[in-house]
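Derivation of every value follows stated rules applied to the coordinates shown; laboratory data play no part. From a predicted model like this one, the values you see are computed outputs, not experimental measurements. When we count neighbours, we look across all protein chains shown, and the Cβ atoms used for this are built from the backbone with ideal geometry, even at glycine.
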Amino acid sequence: YLLGGEVQLLSRIKYNDGLDKYRLTPEELRTVFKEKMSDAVYAFQTRNPTHAGHAHLMQEAGDILTKQGYRKPTLWLSPLGGWSKSDDVPLDVRVKQHVA
């Protein structure tokens, strides 16, 4: 589906899997970034656990933004949820890794 114009949330989806507190709306994300006084937000999304290569990419992106003059760049980690491969690490395990 393609949406255009103003989108209104009719009701929030709850999965009751212990991860609902991490599922933020765009408005909630903007509030979090404002509270953190972020002047730039950069994102990383993967369906795999974070490894050294991922960590390097995230660190390098933050360093580049800092060199460009941003004072408070904020990393938004967004692990891919929903359907994944049968041998993937479960979403709750990946989220726990990001929280740690």
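What does the charge count near Val99 come to, summing +1 for each Lys or Arg and -1 for each Asp or Glu among other residues with Cβ under 12 Å from its Cβ? Net charge around Val99: +2. Here's the picture: charge each Lys and Arg Cβ at +1 and each Asp and Glu Cβ at -1 in the chain, and of Ser78, Val99, Thr46 the one pushed furthest to the positive end of that dipole is Val99.
Residue by residue, region 15-32 carries 3J(HN,Hα) couplings of 9, 6, 10, x, 10, 4, 5, 8, 8, 9, 6, x, 5, 5, 4, 4, 5, 4 Hz when phi is fed to the Karplus relation 6.51 cos²θ - 1.76 cosθ + 1.60 (θ = phi - 60°); x denotes Gly or Pro.
For the pair Trp76 and Arg47 in one chain, pulling the backbone fully straight at 0.36 nm per residue adds 9.0 nm over the alpha carbon distance.
Close amide H partners of Thr46, meaning residues 5 or more places away or on another chain with modelled amide H under 5 Å apart, are Ser78, Leu80. Between Leu10 and Leu29, the simple label model (points 7 Å from Cα in the Cβ direction) yields a spacing of 2.3 nm.
About the Cα centre of the chain, what is the dipole size in debye to 20, counting +1 per Lys and Arg Cβ and -1 per Asp and Glu Cβ, all else neutral?
Working: 14 positive and 12 negative charges, 35 e Å.
Result for the chain is approximately 160 debye, rounded to the nearest 20.
Taking amide H positions as modeled 1.01 Å from N, with prolines and chain starts lacking one, the residues under 5 Å from Val41 and 5 or more places away or on another chain are Thr74.
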